[in-house]
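Note sheet for the following structure.
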Amino acid sequence: MADLPIEETSERLSRIVANVERVIVGKREVVEQALICLLSGGHALLDDVPGVGKTMLARAVARSIGGQFRRVQFTPDLLPSDVTGVTIYNQAKGDFEFRPGPVFTNVLLADEINRSSPRTQAALLEAMGERQVTVDGTTYGLLRPFMVLATENPIEIEGIYPLPESQLDRFTMRLRIGYPSREAEEEIVRRQLLRHPIETLEPVVTPEEVVRAQEIVARVQVHEKVYDYVLEIVTRTRQSEHVEVGVSPRGTITLIRCAQALAVMHGRDYVLPDDVKWLAPHCLAHRILVKPEARLQGIEGRDVISSVLDSVPVVL
């Protein structure tokens, strides 16, 4: 693996993190997790209260990589074609032409995704999984890199369509930004007194460099014992007495790919079990369907993952 420019790539990724932190103050862990989603070719679901910076995180990532950014406000009357695009008849040309929707971008913010109908939510499934959309029988490839950052508001229950398990499984991580510390909030206020820092944010890498970094991530070495460690974790989620549906094979692949991305961010061309252990709650918890009786006891997916991690020995 000596041919991989790990140090150079790691330095570029550090520049992205530092640049985003000009906007998202005091939340380095969340910024790194969002970048890991991008590097692994995945998508992030931001499940948090209003006003903590979910939209700004998406905009800052897009600007930092010099990519295109589009935002879709999901509402009950939003149609699938409002996301993917539509074919219309052009009278001047005498032919049908495709008008791309907002999904044709590098970073798509799907704002309040759980406010839209399941049919419209499903319009994102092909884009997220296959990096393409099909409209009127014709398939169109999306830009590279492509990442969906979807937001949910967890405190409202009226007018909400919970995401189906199939769509939750498409998200690489489910993240929460949380309220800033007192010191960080003071810094946020000071930075925004004159104008928002997002207005002056400049790219620090190109989209092509991000695609190259994704290719490098995919070639990072994973030891057989690390594979065994991951497989033991996901197997035990399926065997847990509290779980109705455990982690899918897609979740297994996602966890390994994210661990490869984390290794590159730390300047390594190999994955450590600690990479897996740190990422597992963020990559796996939302893929677990807890039994109703366990939910009544207050047990959530993260509790199951925490218990599994405590029970699986790390041997390398």
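Data for the structure
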item: Matching option when the condition is among the aliphatic types (A, V, I, L, M), assigned by TED's automatic domain parsing to the domain that holds V234, assigned to a helix (DSSP H, G or I) and more than 18 Å from the chain's Cα centre (by Cα), among A280, A263, A294, A259; result: A294
item: A92 buried (at least 19 other Cβ atoms within 10 Å of the Cβ) and either assigned by TED's automatic domain parsing to the domain that holds L39 or farther than 30 Å from V25 by Cβ (or both); result: no
item: Matching entry among L108, L124, L149, L142 (being touching a Lys or Arg at 6+ places or on another chain (Cβ under 6 Å), crowded, with 23+ Cβ neighbours inside 10 Å and not assigned by TED's automatic domain parsing to the domain that holds C283); result: L108
item: Helices (runs of 4 or more DSSP H) fully within the stretch 176-245 counting 1 or more residues that are among the polar types (S, T, N, Q) and modelled with pLDDT of 90 or more; result: 207-218, 224-239
item: Only one of E8, E29 that is free of Cβ contacts under 8 Å to residues at least 60 places away in the same chain and over 16 Å from H282 (Cβ atoms); result: E8
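Residue-wise test of (1) closer than 16 Å to L201 by Cβ; (2) touching a residue at least 60 places away in the same chain (Cβ under 8 Å).
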| position | (1), (2) |
| --- | --- |
| I24 | yes, yes |
| Q33 | no, yes |
| C37 | no, yes |
| L46 | no, yes |
| F69 | yes, no |
| I88 | no, no |
| K93 | no, no |
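The values are calculated or read from the model by the stated rules, or taken from the named source; none is laboratory data. Every value quoted in this text rests on a predicted model; they were computed, and no experiment measured them. Note that each Cβ is placed from the backbone with ideal geometry, even for glycine, and that neighbours are counted across all protein chains shown.
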